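Structure, as structure tokens:
The values are calculated or read from the model by the stated rules, or taken from the named source; none is laboratory data. Remember, it's a predicted structure, so these values are computed and weren't measured experimentally. Cβ sites come from the backbone with ideal geometry, for glycine too, and all protein chains shown count toward neighbours. Surface areas here come from the heavy atoms of the whole protein model, side chains and all, with no ligands, DNA or RNA. Shrake-Rupley method; radii C 1.70, N 1.55, O 1.52, S 1.80 Å.
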Amino acid sequence: MKKPNQNSGVLFDLDGTLIDTAEDMASILLDMIQKYDGDQHISMTTARNYVSDGSIGLIKLGFPEVSEGKVLELQKIYLSQYQKKLCIHSKFFHSLKSLTRQLEKNDIKWGIVTNKPTRMTLPLLLELNQYIQHVISGDTITKRKPDPDPLILACNMMNITPSNSIYVGDAKRDIDAGNLAGMKTIAVNYGYIKKGDDTAKWKATLIVDTPNQLSAVIKRELRL
């Protein structure tokens with residue numbers, strides 16, 4: 001059996017790809033909808049599908065009629081509440097924690113590139129008792145996905161070759177960024193996919209439906 005290419009690695013999006021944060025993030029939105037007279041028709045299921053759009057996306061979902069100024073005001077309230085409840089229900093998607101351990105065992109570098117701000121990303125990982133050496137957050141540099149620069153920065157930090165490496169995400173911006181960075185890309189249908197989104201049109205290298213499938217595909221691609 002061939003050994004894995006030591007210039008290869010795996011980068012993951014965070015919310016909806018590596019970590020299931022939906023219940024914590026959506027619960028705060030639903031509470032705010034009740035308190036601040038938002039759209040009462042928004043359910044946990046609907047909110048879950050918008051988690052990958054971050055706090056602004058969630059606020060616009062729950063308060064579709066408010067002004068941009070009000071959106072920013074509500075976002076500050078949302079973020080204040082979320083910082084207090086980062087990891088009540090959040091957890092690794094099934095099989096992915098064991099996948100990361102196997103990557104480490106085989107000396108395959110891996111990391112996270114997320115648009116989530118550092119003040120949310122690092123405390124969440126700490127709550128999950130997960131130390132990850134390579135993490136690029138949404139405010140690490142001025143550019144964010146779908147710009148490829150955060151992924152290119154991560155590859156440079158990890159000393160891996162983008163063309164030999166994989167980026168995994170659950171949003172079109174993830175796949176666009178990975179493709180522009182010259183990486184293999186995997187779209188995950190188990191993530192926070194909005195109604196009407198078609199992952200088949202995102203031009204990902206591969207599409208998987210479950211975390212178990214993702215683990216199997218990554219092991220195959222890296223020859224583990």
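Data table
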read-out	value
From phi via Karplus (6.51, -1.76, 1.60), per-residue ³J(HN,Hα) for the range 12-18 in Hz, x at Gly/Pro	10, 5, 9, 5, x, 10, 9
Residue-by-residue Karplus 3J(HN,Hα) for the range 191-200, coefficients 6.51, -1.76, 1.60, Hz, glycine and proline x	x, 8, 9, 6, 4, x, 6, 10, 4, 5
Per residue, in Å², the accessible surface of the chain once ligands and nucleic acids are set aside, probe 1.4 Å	49
Restricting the range 5-105 to GluC sites (Glu not before Pro) in coil, as DSSP defines it, with at most 16 other Cβ within 10 Å	65
Inter-part distance where the range 150-224 and the range 72-104 are each reduced to a Cα centre, Å	19
Cross-link partners of residue 60 among aspartates and glutamates (Cα-Cα below 15 Å; sequence separation of 8 or more within a chain)	31, 37, 39, 68, 73
Percent carbon-and-sulfur accessible area, the range 140-219, ignoring ligands, DNA and RNA, probe 1.4 Å	51
Degrees, to the nearest 10: 96-105 long Cα axis against longest axis of the chain	30
The range 59-183: C-alpha gyration tensor shape, a/c 1.5 cut-off, then a/b vs b/c	oblate
Global form of the range 1-111, assessed from the alpha-carbon gyration tensor, a/c cut-off 1.5	prolate
Using alpha-carbon coordinates, inclination of helix 149-158 to the longest axis of the chain, degrees	40
Percentage relative contact order, the range 6-109, counting C-alpha pairs under 8 Å, at least six apart	39
Under-5 Å amide H pairs with residue 110, H placed in peptide plane, nonlocal only	10
Unit charges at the beta carbon, dipole of the chain: most positive-side option, 122, 83, 164	164
Lys, Arg +1 and Asp, Glu -1 on Cβ, resulting dipole of the range 14-170 about Cα centre, debye, nearest 20	400
DSSP-assigned coil residues among trypsin sites (Lys or Arg not before Pro) in the range 18-115, each with at most 14 further Cβ atoms within 10 Å	85
Set 97/184; 143/219; 70/203 screened for pairs whose C-alpha atoms are more than 27 Å apart	143/219; 70/203
CD proxy at 222 nm, helix term only [per DSSP H run n ≥ 4: -39500 (n - 2.57); per residue of the chain; nearest 500]	-12500 deg cm²/dmol
5 angstrom amide H check on residue 19, placed H, neighbours 5+ away	93
In Hz, Karplus ³J(HN,Hα) per residue of the range 117-122 (6.51, -1.76, 1.60; θ = phi - 60°; x = Gly, Pro)	x, 4, 5, 9, 5, 5
Test item: Cα-centred dipole of the range 1-55, Lys/Arg +1 and Asp/Glu -1 on Cβ, debye	480
Three-way shape label, the range 107-180, alpha-carbon gyration tensor, a/c 1.5	oblate
